[in-house]
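What follows is one structure encoded as structure tokens, with my remarks underneath.
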Amino acid sequence: MFVRLLGTLPLIFALAGCSEGPVFEYDSRPIELQRAPTASGGPDLGATLAKVAVGSDSPLLVIDTGSLLSSLSRGVCPSPTTEPTAYTGDIQLLGVSDTSAPLRASFRGVTLFDLCAGAVGDASTQVAAVLGGDILLNFSVAFALPRVPAQPATPATMTIYSNLPASDSDLAANGYAVMRFSLRGSTAAATASGNGLPGLPSSRVVLRVCANPPAFSPDGPAQNCKTGEVELQASGTNLLLALSTGHGPLVLSASAWQRLSGQVPVPLGAGEPALYSPLTTDPIPAHWVTVSRLALVDGDSGDAWPGACAELARGRRIEWTLANQNNGGCFQPCDVSGGVALPAAAYLEIGSDLPAAIVSDTSDLISNINEDFPSGAQVDGVIGAETLAGTSFEIDYVSQPQGRWVAACEPGTDRQTCWAAPRCYGLSGSGQTHICFGLPRLGLAPNCPQ
């Protein structure tokens, strides 16, 4: 998927771990995926599915970056008991078309939970196992999720790498939007009866999002912004969303939807399809809506950070200035500090009326993704694989001190459907040039009068 700037990785089995711990074997070749059905009844662009070898069978397995645990039931499903147990076992991973091929990846001696995973997407799509973040966090994992499903030449794929060696600046130069994240979810697991289970590492990727910003084009009119007005001039609603490839649609809590739309959700589940989630046992009552567009924005959660929507608006103003600097474009006062234009944050913007499931704030899904961080910023929902159709991205879990989510759009996609904007670094001198927003190499633009 990505330009691996330190050379092509050898396509041989890579080994991690030792004789007393887990052993990971994989070949860094794309593993073909199946997509789960979607509630809208359209093309199957939902959760990401592979196969797991269980004896002579190869049932479906859901790959869920939002799940803190990996599971494989050792008994008959559905199970007569809901009490999970943990054991040391193996996940032998195959692509969906690899029925007679060698194993594509083998995770041996890993902690698994003896759970029946249930349905994904709809009631008919039963899975036998979950490959979750507790295993995936050992790698840099690349996904390619085409917008048109079931194309033999361009199937959905997942590729496992030991790392992503390219630097942020090299990735930006190649057109990728790089967003940093800190993992969440570390918790001590326990059963309903209080029996202790192995602790779960932090593996949940949470991203900052601006929902329903207006459409933008650098050919449109300039947007003015005085000093100190960076948040005042922002449009859209700031959200905090977990990345979960085990879900199809965007999923929002009812309170997040009310902030976003001003509407109080109708009684959830009244004659509408339920949401099937690998993070819950039972289907979740849902109200189905569409969200016009999302922008996933790189940023800092500190007090000085203005928020995803303000950063998005700043990036758009800076892009407009660079695209129009030969026609009098200048940097707005709110985007300048110390006489120098501030950098524009990387972002990935996705449009086309995205299906979204609105669920109760007290649902098991919303409760589960927030119970590990009760005193911090609450997660408003999840970004599913259907929302990310038409993109390719890599979750670089192993970068330090923070992980990286690196994303791009399918080639040839129009801007209003998908747009990846790498970070644009400001220039401090008239002799400097840079390439930003896919524009030709440009020099320093002037600042607007205060």
### Message
Quick check on segment 85-100: of everything there that is over 17 Å from residue 49 (Cβ atoms) and outside any strand (DSSP E or B), which residue is modelled with the lowest pLDDT?
### Response
100
### Query
residue 315: surrounded by fewer than 23 Cβ atoms within 10 Å (Cβ to Cβ) and within 30 Å of residue 176 (Cβ to Cβ), yes or no?
no
### Query
Of the residues 36, 14, 47, which single one is modelled with pLDDT under 90 and either among the hydrophobic types (A, V, I, L, M, F, W, C) or more than 21 Å from the chain's Cα centre (by Cα) (or both)?
14
### Message
Go through segment 149-173 and report how many residues are more than 30 Å from residue 434 (Cα to Cα), in contact with a Lys or Arg (Cβ under 9 Å, 6 or more places away or on another chain), assigned to a loop (DSSP other than H, G, I, E, B) and at pLDDT 90 or above.
### Response
1
### Hey, residue 258 free of Cβ contacts under 8 Å to residues at least 60 places away in the same chain and of a type outside the set (Gly, Ala, Ser) or not
yes
### Task
Test residue 186 against the stated conditions and say whether it is among the polar types (S, T, N, Q) and closer than 27 Å to residue 25 by Cα.
yes
### Query
Of all the residues that make up segment 95-140, how many are hydroxyl-bearing (Ser, Thr, Tyr) and more than 28 Å from residue 407 (Cα to Cα)?
5
### Query
For residue 176, are the conditions met, namely being closer than 28 Å to residue 282 by Cα, at pLDDT 90 or above and of a type in the set (Phe, Trp, Tyr)?
no
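Please give the strands (runs of 3 or more DSSP E) falling wholly within segment 248-335 in which 1 or more residues are under 19 Å from residue 216 (Cβ atoms).
Hits in segment 248-335: 287-291, 294-297.
Take residue 277 and tell me if it is crowded, with 24+ Cβ neighbours inside 10 Å and either of a type in the set (A, V, I, L, M) or within 23 Å of residue 43 (Cβ to Cβ) (or both).
yes
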### Task
Residues being at pLDDT 90 or above and buried (at least 23 other Cβ atoms within 10 Å of the Cβ): count how many of those fall in segment 114-133.
8
### Task
Go through segment 200-216 and give me each residue that's under 16 Å from residue 237 (Cβ atoms) and part of a strand (DSSP E or B).
207, 208, 209, 210, 211
### Query
Any chance segment 369-376 includes a residue that's acidic (Asp, Glu), under 24 Å from residue 186 (Cα atoms), in contact (Cβ under 8 Å) with a residue 60 or more places away in the chain and surrounded by fewer than 18 Cβ atoms within 10 Å (Cβ to Cβ)?
yes
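The values are calculated or read from the model by the stated rules, or taken from the named source; none is laboratory data. What you are looking at is a predicted structure, and each value in this text was computed from that prediction instead of being measured. When we count neighbours, we look across all protein chains shown, and the Cβ atoms used for this are built from the backbone with ideal geometry, even at glycine.
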